[in-house]
Each structure stands twice: as structure tokens, then as C-alpha cells.
Amino acid sequence: MPDSGELEIFRHSLKSIVEEMGVTLQRTAYSTNIKIRRDHTCALFDSQLRHISQHDIAPQHIGSLVSVVPKNVPDWKDGLSPGDGILINDPYKGAVHLPDVMLISPLFHEDEIIGYAANSAHHVDIGGGTPGGIPNDNTELFGEGIIIPGVRAVEDWEYDENVLGMILRNVREPEMRRGDYQAQLGANRTGEKRFSDLYEDYGKEQLEEYLDALLDYTERRVRAAIEGLPNGSFSASDMLDGDGIIDEPVRLELSVSIDGDEMVIDFSGTAEENEGPLNCTPAMAFAGVMSVVMAFIGEDLPKNDGFYRPFEIITPKGTMVNPTYNRPVAGGWEIPMRAGDLMTKAMSEPVPEKTIGATKGIVCNTAYGGTDPRDNEEYVYYETVAGGYGGRAEKDGMDAVQTHFQNTANSPIEELETELPVRVRDYSLIQDSEGAGRQRGGLGVRRDLEFYDHEASFSLLTERTKSEPWGVFGGHSARPSRFYRNPESDGKEPLASKSTTKLEPDDIVSIQTPGGGGYGNPLERDPNEVLEDVRNGKVSKKKARTEYGVEIQNDRVDYEETNERRAELAEKSLEHGGDVK
């Protein structure tokens, strides 16, 4: 058996392979969504289809790869040859929504499969009725784009043009999509070379021995971390805006049960599946809660099959976290994002010092397309927009970040305006969007886009317009999301969170994301920190006075007035059951 030092070297040898795969994919991709925003991940599996290492860039893809590879490879295993590759995106074969396409490649030594390299990348277009792969009014999966049920698309490390050509004929901007598919192939080829080198270094018997030891070691550490949490059952729930078809809020509920060194996360109580695209697959629900679990019990732990053994995730069939066959799932990632917030809310009881206020709580799927007036070529683009992180026990929430499993980058203005016929008219933090608290929440983002000299289609498939990200332990809730067409004009038009709008030339769309909820009583916040936020334009003088109880005169804190104001707000809070807003 390897000692701890040898095992750590082995673990990081595996991690270096998936990281190099990820860099290969990112640097050779064509689309901004992958090469800049890094909406992709890579993983390795052993010959027994056990997950052995994961690229940490985009945790949302954890669920898809861990689900898809063991579930589908057995159907192909006996017929695979060196250099083969399987493409798959079918949500009902363990995948997620259609734009996240996975490529799985067997890794051979002589005539024996010794493992698998796999990656998942979000393609900016996958077909369907609206540019960008996020149609918001479909009632069947078929309307959301091309469904790839698992096909041998690669032979001898080259795409079969009959397969790839069929896929590309069904998507917008096919040459850019081709570049991204080629990048996925390059990533797995890198994995093949590096894993083959590792196999040669260790040999079959030692490699298998080290893999068994690594997975068992990971399991022991995870079980020890769970055992350090209080036993009990803790629950949380929230309401989502609606499914895009029926404009009624729908309930998302989960419970966390800790018993010794095991944890059960149960979605029982969640609403039935939706008619519209607000449904998610079990793989998505898994990724949403596990990414938060990882933060609670130690992000330094290896991410592999051993990590997941102590957990049971219950997603009742026929609910919106496990819909029946061919239900639409384009907006599915909004559900696990909110589930991540529910995990932190449920865990506020057993580990209050480790939890946070609610985050922005949305993925903020945004897509647009049209004909570029600069060259008369078709274009399509997809992105998600950052928002506020929840306040923490000892720190404020971060401003303008992707939260929980997202971890994708914000698209730079220079990249957008170079690649697309848009001008970014506003890209700023939204003043007063945070939830007030002893540690305030992070601020949301405003991003205004002008679509100059052309008509365009603009789609939203997101959330949080009807509810606010909550605060914890007396912290206040944050500002919800808002979306507008021509926000500074007399014809300012609110846009629904699930909508497609036909834009006229020079129209402006404003995307305004939520802030994060506060942590602790805002009357306990250091007045000088409130002053600093006012000076930086993050908090208005009015909000400093009405929610933090801080009186600012001539750019300084008036402590006498502040003490009086806070005493007044504290008394008012008692009269209104703790709410001083």
C-alpha cells in the first residue's frame, strides 16, 4: 500500500492530467463561452468506470460526467477501439440540458481499456427555436435542440463527418461550433497521452492498487468530515418564479439528514414536474447540492468516486428535479442553483458559523442572436451574468461573482464588442442591491447591451424576479433580479424572467441581477464599514440611515446621531418581530 506522501503525489499526477485537458480545451476552443468564460470541465475514469479525477473549473459538470459515463459506456464497451469517441447530451440518459455536450474516449494500453477521458462543454447553440439554446416556451424536449443519445462520432481520433456534419447542420454558426467540438477532441487526446504515460510509470498492478487506495482514502476523509457535523434533519424551501408557460410560483424543497458518517439529501416536497422548461435532471440536482457540500466539508478533498459514497440524493420521480421522459429541461440549471442556496439555509442550524446568506440564486441564462451588420453573417451568443454572494459570519459577501457551482467568468466588454454587434452601455455594481447585515451581502450587476444597426432576438431563461435572496440571523434580504428593454426611455418595458423579445435596431436591454442576503443584524455593522461602502457608491446615504442606522454628515459618521438612530431602529424591530426594513 502507498504511504501518504506517495498517495498525494499520485493524486496530483491525476489532477495534473485533467487540468492539462482543461487548458487544451479552453485554449483551442472558438467560442467566448468556452475560451473566455470556461464553461467546460474534464474528468478521468478508470477501467471500472469509477470517477478518479475532476477538473475544478466548472463544478456544474460534475453531475453530468459522473452520471453519464458509468450509465452509458457499458452499452459501448465491448465494441470500442483506440481513438473512438462517444458524443452524448441526452438528459434522459444521465445528462443535463442539451447545450452541455459530452465527449467520452476510451483509453487503451495495447488491446486493453485502462480508463476513459471525458469532458463536457457548453455549446452556445444546439439548435431549437431560439438562438442560444435556451428556448423558454417549449413543452417538450424535442423543441430545445438536437438530442444526441450517445453516438460513435469519433474513430481513430477524427470525427466522422457524417455524424458531425449532421449535428452542425442543425445549429447556428456551424463553423464556430465545429471549432468547439474539435477542442473537446483535443482535450481527450491530451488525456490519452498523459494517462498512458502514468500507466507506463506505475504499471497495471500498482496503478490499480493506488487507485483503490486513493478512493478509499477520500471516502474515509469525507466520512470523518460528515461525522464532525451535528446529527439531525434540517430542511429549507423556497418558491421559484414559474415555468415560463404557467405564471405561478413553484415550490423547491429539500432536507438534509446527517446520521453519523452518512448524509441524505432529499427533495421530497418539491413541486411536480413543470409543463415548461423549468425542470432539471437528477444529475443537475446532484451537482447543485454536492458543490455546496464540498464547500462545507473541505474543498481540499479529492473529487472522485470515494467522495460520493457516503451520500444519498433522493429526487422523487415526476417532480421538477426528476421529470418524466422528454419533459423540457432548458432552464434546469436554475433549480440546482437555488438548491445550493437551500443547502446553505438548511445548514444554518447545525453549523451557523459556516453558512451564508442567500446568493443571487440564479444562473441568469441570457442568449441573443441575429445578423451582424458588420459582415452580414449570422451570429449567436450565450452567457450568464454574475451577482451577489451571501454575507458570511466574518466577511461580507462578494460583489459580482458567479455563485455555487457556476464558477464561470464574466465576459469582458472588449471581447463582447469585438466579437458581437453590441455596445455595452452600462456594466456596473447596483447600488443598494445588497442585503444589509452585520456582514452585508454582495452587490448585483447591471449590464446594458445596445444592439446597434440590426434586429435581434433576445432570450432570458432565469429566475428571482418574484422573490428576494434571504438574509440569515437577522440579515436583510437583497434586491431581486430585474430586466428591461430600453431602460432609460419613456417606453421602458419590463421583461419577464422567461421570455424572448424581438429587438429593433438600436434597442437596449438591461440585465440586472440580484444581490446576496446579509448575515447578522445590520445595526451591529461597524459604522466605519458602512461609511466606506457609502464612499465607494455601494450603499446610499439613505440606506445607511434606514437599514444600518448610520448617520453620515460631511463624509463622516455622526456617532451621536448614529447611536440614537440605532436605538430607534432596534425598538422598531422589536415592535415588528425583528424586521427593521
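The values are calculated or read from the model by the stated rules, or taken from the named source; none is laboratory data. Worth saying up front: this structure is predicted, and the values here are computed from it rather than measured. For neighbour counting, all protein chains shown are included, and Cβ atoms are generated from backbone atoms with ideal geometry for every residue, glycine included. Remember, those area values only see protein heavy atoms, side chains included, never the ligands or the DNA or RNA. Shrake-Rupley method; radii C 1.70, N 1.55, O 1.52, S 1.80 Å.
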The range 122-217: proportion of alpha-carbon pairs further apart than 15 angstrom, %: 71 percent
With every protein chain kept in place and a 1.4 Å probe, the chain has an accessible area per residue in Å² of 38 Å²
Ignoring ligands, DNA and RNA, what percent of the accessible area of the range 332-398 is carbon or sulfur (1.4 Å)? 42 percent
Kindly state, to the nearest 0.05, the FRET efficiency for residue 559 paired with residue 23, given R0 = 60 Å and r defined as their beta-carbon distance. 0.70
Base-10 log of normalised Debye intensity for the range 430-581 (one unit scatterer per alpha-carbon) at q = 0.20 Å⁻¹: -1.09
Set the Förster radius R0 to 45 Å, insert the Cβ-Cβ distance between residue 506 and residue 394 as r into 1/(1 + (r/R0)^6), and round the FRET efficiency to 0.05. 0.45
Looking at the range 371-444, which trypsin sites (Lys or Arg not before Pro) are DSSP coil and have at most 13 other C-beta atoms within 10 Å of their C-beta? 374, 395
Using a probe of 1.4 angstrom, how much of the accessible area of the range 7-55 is carbon and sulfur, in percent? 47 percent
Degrees, to the nearest 10: 334-346 long Cα axis against longest axis of the chain: 60 degrees
Starting at the first residue of the range 461-478, write each ³J(HN,Hα) from the Karplus equation 6.51 cos²θ - 1.76 cosθ + 1.60 with θ = phi - 60°, in whole Hz, x for Gly and Pro. 9, 8, 8, 6, 8, 10, 9, 10, x, 6, x, 10, 6, x, x, 8, 6, 9
Using the scaling law 2.2 N^0.38 Å as the reference, what is the normalised Cα Rg of the range 105-162? 1.56
Give, to the nearest whole percent, the P(r) tail of the range 8-101 beyond 22 angstrom, counting all Cα pairs. 31 percent
In whole percent, the Cα-Cα distances of the range 334-492 spread across 5 Å bins from 0 upward as 2, 9, 17, 20, 17, 13, 9, 6, 4, 2, 1, 0
Using only Cα atoms, figure out Rg for the range 423-475 and give it as a multiple of 2.2 N^0.38 Å. 1.56
Would you pull out the residues with amide H under 5 Å of residue 454's amide H, same chain only if 5 or more places away, H placed 1.01 Å from N? 506
On each of the three principal axes of the Cα atoms of the range 45-187, give max minus min coordinate, whole Å, ordered largest first. 47, 29, 27
Relative intensity, log₁₀ I(q)/I(0), of the range 277-385 from a Debye sum that treats every alpha carbon as a point, q = 0.15 Å⁻¹: -0.77
May I ask you to derive the FRET efficiency for residue 205 and residue 75 from their Cβ-Cβ distance with R0 = 35 Å, giving the value to the nearest 0.05? 0.75
For every other residue with a beta carbon closer than 13 angstrom to the beta carbon of residue 16, add +1 if it is Lys or Arg and -1 if Asp or Glu, then tell me the sum. -2
Relative to the longest principal axis of the C-alpha atoms of the chain, give the angle of the C-alpha long axis of helix 204-227, reported between 0 and 90° and rounded to the nearest 10°. 20 degrees
How compact and how long is the range 487-558, expressed as Rg and Dmax of its alpha-carbon atoms in Å? 18.1, 51
Please report the equivalent ellipsoid semi-axes of the chain, computed as sqrt(5 x eigenvalue) of the Cα gyration tensor, largest first, in whole Å. 40, 31, 21
Once Lys and Arg are counted +1 and Asp and Glu -1 for all other residues with Cβ under 10 Å from that of residue 219, the total becomes +1
Please state the relative contact order of the range 492-576 as a whole percent: Cα pairs under 8 Å, 6+ residues apart? 19 percent
As a test, work out the antiparallel percent of DSSP beta bridges whose residues both lie in the chain, rounded to the nearest 5. 95 percent
Taking only C-alpha positions in the range 173-279, Rg and Dmax in angstrom work out to 22.8, 59
Determine the sum of side-chain charges near residue 312: Lys and Arg each +1, Asp and Glu each -1, restricted to other residues whose C-beta is under 13 angstrom from that of residue 312. -3
Whenever you get a sec, compute what percent of the accessible area on the range 464-534 sits on carbon and sulfur atoms (1.4 Å probe). 44 percent
Percent of alpha carbon pairs in the range 67-106 separated by more than 16 Å? 31 percent
Looking at the range 458-549, which trypsin sites (Lys or Arg not before Pro) are DSSP coil and have at most 12 other C-beta atoms within 10 Å of their C-beta? 492
